[in-house]
Amino acid sequence: MLEALAESTSLCAGCPKMCRHVCPVSNAERRETTTPGVKMASVDLVRLGALPLDEHAAELMHACTGCGACAEFCLLGNEPAITLVQAREAAAAADVSPIARDVKERMRRSGNPTGSDLVALHKERVPVRPERGDLVYFPGCTALRRLPEHARDTVAAVEQCVGHEIAVVPPSEHVGCCGYPLWAAGLTEEFRTNARRMVTHLGGRGTVVTSDAGCAWTITKLYAEAGIRAPLQVLHTSQVFAQGRISKTSAEHSLWHDPCHLGRHLGIYDEPRRALAQAEGAEPHEFVWNREKSECCGGGALYPRANPAGALEAAHRRVNNETDELMRTGATRVVTSCPTCEVQLGRAGVRVFDLSRAVLGTAEQAPRSEGKR
Ligand code: SF4
Ligand code: SF4
């Protein structure tokens, strides 16, 4: 398995590490060992048999949020975000990855990789709508589990923008999550099986719209890379908002956070800024590190499960690294459009809103539910 990654891992092993300063994980953990080049070189040593494939090797493979920031600074065109996650397949197969074991157990228990009863959460938190239409909303598991009002906000904001009622796709007992956690745990076969079920589940309902940048990326890019044909049109909510009608509803002036999966991975930068500018009547403020160079909130690729303290520190660093970003810009809040980013930045104590809530002009920050559900 690791032999297939040799070109990428050996490139980092012999490189002067041009990207080492941007990794949210090594910056949060303050460890040279978790810089992109050293993690990749370690995987290379495991491939060559110079290091064992054990829990320590798995820990380094999981010390990555998949943010892709390192690739922006790599003059050799290397992509540790993808390679480090692909390497996890070897750790899962050798049964040395506690995270893969945990995700498998959740899958066994609930039929989806989160371990939650997504059918019950959907009934409780998502408005009732037809299951087919021109636009069909797919909430994604992070929104369902962690943000009780997120689905209602999203449906209301999309309907306000397009001017009519939309449809909603409910989860079933066997398919409710796009499968990103399976991919991030290195459970490749389970990911493919879940992806096939999801494509069947979503197919023929209409254009899929999701507020979760990770779901949008998984369905449009990862399914294809895994050889799963997905004849689906998938839009992120920001793309719908950018084409719709938004009135100025808010006196806030926001700082826009680019989710890694929306920006670097899907190339969507202008649409959310356009929507936010309409809702607030002025261009949003920018972080020092923005667009392609944006810093990660620390929430991707199961890193919060691998190192909760490191993930929280990454979120703190995003908003208060070289400078307090709200104070520097004079912004009243952070706005983003990814449930994972919203949860992470919220955990760091920041006043953070989803783009849907900003479009609706809601003044209060959305509640989070951090329990086991
Ligand atoms: S990602 Fe590129 S710059 Fe970073 S260590 Fe690897 S080869 Fe070097
Ligand atoms: S993808 Fe992000 S977290 Fe992973 S090694 Fe690169 S910079 Fe670090």
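Here are the numbers for the structure shown:
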quantity	calculated
Qualifying residue in the stretch 334-348 (condition: surrounded by fewer than 17 Cβ atoms within 10 Å (Cβ to Cβ) and not hydroxyl-bearing (S, T, Y))	no
Any hit, the stretch 166-176, residues being modelled with pLDDT of 95 or more, polar (S, T, N, Q) and surrounded by fewer than 20 Cβ atoms within 10 Å (Cβ to Cβ)	no
Among the candidates A331, A279, residue that is in contact with a helix residue (DSSP H, G or I) (Cβ under 6 Å, 6 or more places away or on another chain) and surrounded by 17 or more Cβ atoms within 10 Å (Cβ to Cβ)	A279
Given (1) modelled with pLDDT of 95 or more; (2) surrounded by fewer than 21 Cβ atoms within 10 Å (Cβ to Cβ), number of the condition W217 does not satisfy	(2)
Residue match in the stretch 334-350 (condition: aliphatic (A, V, I, L, M) and more than 19 Å from the chain's Cα centre (by Cα))	no
Close pairs from the stretch 155-169: first without any contact (Cβ under 8 Å) to a residue 40 or more places away in the chain, partner hydroxyl-bearing (S, T, Y), Cβ under 6 Å, at least 6 apart	V155/Y137
A28 vs. criteria among the aliphatic types (A, V, I, L, M), surrounded by 15 or more Cβ atoms within 10 Å (Cβ to Cβ), over 19 Å from G310 (Cα atoms) and within 11 Å of ligand 2 (Cβ to nearest atom)	no
Answer residue from the stretch 72-102, given it is outside any helix (DSSP H, G or I) and away from ligand 1 (no atom under 16 Å from the Cβ) and is surrounded by the most Cβ atoms within 10 Å (Cβ to Cβ) among those	S97
Residue within the stretch 187-205 that is touching a strand residue (DSSP E or B) at 6+ places or on another chain (Cβ under 9 Å) and either of a type in the set (V, I, T) or crowded, with 24+ Cβ neighbours inside 10 Å (or both) present	no
Residue match in the stretch 238-255 (condition: crowded, with 19+ Cβ neighbours inside 10 Å, in contact with a Leu (Cβ under 8 Å, 6 or more places away or on another chain), assigned to a loop (DSSP other than H, G, I, E, B) and touching a residue at least 60 places away in the same chain (Cβ under 8 Å))	no
So A358, is it aliphatic (A, V, I, L, M), crowded, with 24+ Cβ neighbours inside 10 Å and in contact with a Pro (Cβ under 6 Å, 6 or more places away or on another chain)	no
Hits in the stretch 12-63 - residues which are within 12 Å of ligand 1 (Cβ to nearest atom) and more than 22 Å from A184 (Cβ to Cβ)	A13, G14, C15, P16, K17, M18, R20, H21
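The values are calculated or read from the model by the stated rules, or taken from the named source; none is laboratory data. The model shown is predicted, which means the values in this text are computed figures rather than measured ones. Every residue, glycine among them, receives a Cβ derived from its backbone with ideal geometry; neighbour counts consider all protein chains shown.
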